[in-house]
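The values are calculated or read from the model by the stated rules, or taken from the named source; none is laboratory data. Since we're looking at a predicted model, the values are computed, not measured. Here Cβ is always computed from backbone atoms with ideal geometry, including for glycine, and neighbour counts include all displayed protein chains.
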Amino acid sequence: MNFKKIGIVAAMPEEFALLTARFGAKSAGSVGPREFFTASVGGREIVFTCSRIGKVAAASTATTLVQSFGVEAMLLTGVAGAIGSQARVGDVVIADSLVQHDIDLKGVLGYQRFQIPLLDLSAIPADPNLTRIAREAAASVVRDGEYVRAVGELALREPSFYCGTIASGDRFINSAQEREELLGLIPGVLAVEMEGAAVAQVCAEQRVPFAVARIISDSADHGANFDFLAFLRQAASVGSERMVSEFVGRL
């Protein structure tokens, strides 16, 4: 692919820390409260940044990457919660589409639940070519020795990867009732988080191809003694770094 400038976004500092070190990225300055870093990889410029949590933060960050840094494609990476029983802790989920689960204009001017008025879409499709590359990258990540060991130590299992719908919203989904509701309303949903669909909307509006890759950090069936922060720092951060490395190397 002939992209000359790629944007890489993570939501949390723990997810972001290894990326700049791995690529030897240098500060490119700040826009508002966010600092941006750049590195040259295979003749392409990669722009890294940490959006922080939530749809507004993610949308603002994605807009800055497009309008201030001129990125031509984007990858969002980080952690997500599993919905249903397919994906589990340590698995990598690649989005083929994204839904804002907390937008509901049903009954207003003929709109349906989840429908985004500006785009007239309920599910925003990820770019098929970037999604294919992300799937190939995920297949490599779940075989990576260091990542497999880290997941095994903390989640007591070997990771797999899946591709399907990711739901995003500014509400932490932590009850069985909410999970079951989303499963019933959004066919094929595999994971839930707080940024992906916002990045997807910005990219769709700006006509910028994008992909979203998430590592499952929690699910309905993990043990009560599961240490989320330990998983984030010791496993998910490694997985995100490997995911971005494999993704960029395949472009």
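Residues that are among the polar types (S, T, N, Q) and farther than 16 Å from LYS55 by Cα were ranked within the range 74-91; the one that is nearest to the chain's Cα centre (by Cα) is GLN86.
Figure legend. Inter-residue proximity from the range 10-28: first residues without any contact (Cβ under 8 Å) to a residue 12 or more places away in the chain, second residues buried (at least 16 other Cβ atoms within 10 Å of the Cβ), beta-carbon distance below 7 Å, spacing 6+ or different chains. Indicated pairs: SER27/PHE37.
Among the candidates ASP120, ASP102, ASP127, ASP96, which residue alone is of a type in the set (D, E, K, R) and in contact with a Phe, Trp or Tyr (Cβ under 8 Å, 6 or more places away or on another chain)?
Working: ASP120 fails: in contact with a Phe, Trp or Tyr (Cβ under 8 Å, 6 or more places away or on another chain); ASP102 fails: in contact with a Phe, Trp or Tyr (Cβ under 8 Å, 6 or more places away or on another chain); ASP96 fails: in contact with a Phe, Trp or Tyr (Cβ under 8 Å, 6 or more places away or on another chain).
After applying the criteria, what remains is ASP127.
Restricting to the range 129-173, name every residue that is in a helix (DSSP H, G or I), free of Cβ contacts under 8 Å to residues at least 24 places away in the same chain and more than 17 Å from SER217 (Cα to Cα). Selection gives ARG132, ALA139, GLY145.
Starting from residues that are in contact (Cβ under 8 Å) with a residue 60 or more places away in the chain and acidic (Asp, Glu), keep the ones in the range 174-211 and report whichever is surrounded by the most Cβ atoms within 10 Å (Cβ to Cβ). Within the range 174-211, the match that is surrounded by the most Cβ atoms within 10 Å (Cβ to Cβ) is GLU195.
Looking only at residues that are within 15 Å of LEU76 (Cα to Cα) and of a type in the set (Val, Ile, Thr) in the range 34-63, which one is modelled with the lowest pLDDT? Step by step, filter the range 34-63, then rank; the result is ILE53.
Can you find a residue in the range 210-224 that is under 13 Å from the mean Cα position of the chain (by Cα), small (Gly, Ala, Ser) and under 19 Å from ILE46 (Cα atoms)?
Of the range 210-224, the ones under 13 Å from the mean Cα position of the chain (by Cα) are 210-217.
Still in the running and small (Gly, Ala, Ser): 211, 213, 217.
Narrowing the set further to residues that are under 19 Å from ILE46 (Cα atoms) leaves 211, 213.
Looking through the range 210-224, at least one residue is under 13 Å from the mean Cα position of the chain (by Cα), small (Gly, Ala, Ser) and under 19 Å from ILE46 (Cα atoms).
With respect to the stated conditions, SER240 is closer than 21 Å to ALA73 by Cβ, buried (at least 21 other Cβ atoms within 10 Å of the Cβ) and either at pLDDT 90 or above or within 13 Å of the chain's Cα centre (by Cα) (or both). Just one of (1) charged (D, E, K, R); (2) under 30 Å from GLY70 (Cα atoms); (3) not in a strand (DSSP E or B) fails for ARG214. It is (3). Against the conditions (1) surrounded by fewer than 23 Cβ atoms within 10 Å (Cβ to Cβ); (2) more than 13 Å from the chain's Cα centre (by Cα); (3) farther than 20 Å from PRO125 by Cα, VAL66 satisfies every one except (3).
So that you can scan it fast, the table gives a plain yes or no per residue for (1) in contact with a Pro (Cβ under 9 Å, 6 or more places away or on another chain); (2) closer than 18 Å to CYS203 by Cβ; (3) not basic (Lys, Arg):
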position: ALA21; (1), (2), (3): no, no, yes
position: GLU35; (1), (2), (3): no, no, yes
position: THR49; (1), (2), (3): no, yes, yes
position: GLN67; (1), (2), (3): no, yes, yes
position: GLN86; (1), (2), (3): no, no, yes
position: VAL89; (1), (2), (3): yes, no, yes
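Inside the range 30-100, counting only strands (runs of 3 or more DSSP E) that do not spill past its ends, which hold 2 or more residues that are free of Cβ contacts under 8 Å to residues at least 24 places away in the same chain and of a type outside the set (Gly, Ala, Ser)? If you could, list the steps in order and put the result at the bottom.
Working: elements: 34-41, 44-50, 73-82, 92-100.
Strands (runs of 3 or more DSSP E) meeting the threshold: 34-41.
Could we say that ALA213 is hydrophobic (A, V, I, L, M, F, W, C), at pLDDT below 95 and either out of contact with any Asp or Glu (no Cβ under 7 Å at 6 or more places or on another chain) or closer than 11 Å to VAL89 by Cβ (or both) here?
Numbers: hydrophobic (A, V, I, L, M, F, W, C): yes; at pLDDT below 95: no; either out of contact with any Asp or Glu (no Cβ under 7 Å at 6 or more places or on another chain) or closer than 11 Å to VAL89 by Cβ (or both): yes.
So ALA213 fails the test.
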